[in-house]
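Report on the structure given below.
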Amino acid sequence: MVAEAVTGQEAIEQYRVYQPDVTLMDLRLPDISGLDALLAIRREFSEARIIMLTTFDGDADIRRCLESGAQAYLLKTMPRAEILETIRKVHQGKRYVPPEVAAQLAQHLGQAPLSRREIEVVQKIAEGNRNIDIATSLFISEETVKGHIKHIMEKLEASDRTEAVAIAVRRGIIRL
């Protein structure tokens, strides 16, 4: 181990100084997300080998991290031997997604993802906003909000707004 960081900004700074062979990055950090830190590091150092190590197993989190350049996505509950083996694989230039993480991804494979606007709408619902309030804050009509909510519920296979929010949180689409 060459360095340790508590915040995402500190992780970026430490990476610049030490440029480690492999970086373990938590998804949730006190200042910026681990994903934002990963993106910042990969912008500067395109060959950076970063493993996301977290407690969050939502398919949206996993997908975003892997699409952004993480070489692996591990859960903190995984056996120590598997974590060490993954570090070795990533050091060799390989990618790794453990079966339980892959299963989480596969569960929602083929489902249409929420659009950026739909994510904004479901986040506003989670914050307790009414349709008219959502419309006003996003500068769209209330009818457009209703259309977005209909699409959100269809895509998430939710029966009501509350269930849509619960599914979006569980899958890592939004944060509370």
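The values are calculated or read from the model by the stated rules, or taken from the named source; none is laboratory data. Since we're looking at a predicted model, the values are computed, not measured. Note that each Cβ is placed from the backbone with ideal geometry, even for glycine, and that neighbours are counted across all protein chains shown.
What the table below lists for this structure:
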item	result
Subset of the range 70-101 [in a loop (DSSP other than H, G, I, E, B), crowded, with 17+ Cβ neighbours inside 10 Å and at pLDDT 95 or above]	Ala70, Gln71
Matching option when the condition is without any contact (Cβ under 8 Å) to a residue 12 or more places away in the chain and not in a loop (DSSP other than H, G, I, E, B), among Arg64, Arg43	Arg43
Qualifying residue in the range 119-127 (condition: in a loop (DSSP other than H, G, I, E, B), out of contact with any Pro (no Cβ under 6 Å at 6 or more places or on another chain) and modelled with pLDDT of 95 or more)	yes
Of residues in the range 33-69 being modelled with pLDDT under 95 and β-branched (Val, Ile, Thr), the one surrounded by the most Cβ atoms within 10 Å (Cβ to Cβ)	Ile62
Residues of the range 46-59 satisfying the condition of being in a strand (DSSP E or B) and either over 18 Å from Leu74 (Cβ atoms) or out of contact with any Cys (no Cβ under 6 Å at 6 or more places or on another chain) (or both)	Ile50, Ile51, Leu53, Thr54
The listed residue being hydrophobic (A, V, I, L, M, F, W, C) and touching a helix residue (DSSP H, G or I) at 6+ places or on another chain (Cβ under 8 Å), out of Leu109, Leu39, Leu74, Leu84	Leu74
Top-ranked residue in the range 134-159 [being among the small types (Gly, Ala, Ser) and in contact with a helix residue (DSSP H, G or I) (Cβ under 7 Å, 6 or more places away or on another chain); ranked as nearest to Glu118 (Cα to Cα)]	Ala135
Lone unmet requirement of (1) over 14 Å from the mean Cα position of the chain (by Cα); (2) closer than 30 Å to Gln111 by Cα for Gln9	(2)
So Ala166, is it surrounded by fewer than 17 Cβ atoms within 10 Å (Cβ to Cβ) and either in a helix (DSSP H, G or I) or out of contact with any Ser or Thr (no Cβ under 7 Å at 6 or more places or on another chain) (or both)	yes
Unique match (being over 30 Å from Phe45 (Cβ atoms), touching a Ser or Thr at 6+ places or on another chain (Cβ under 8 Å), free of Cβ contacts under 8 Å to residues at least 60 places away in the same chain and of a type in the set (Lys, Arg)) among Lys76, Lys155, Lys124, Lys146	Lys124
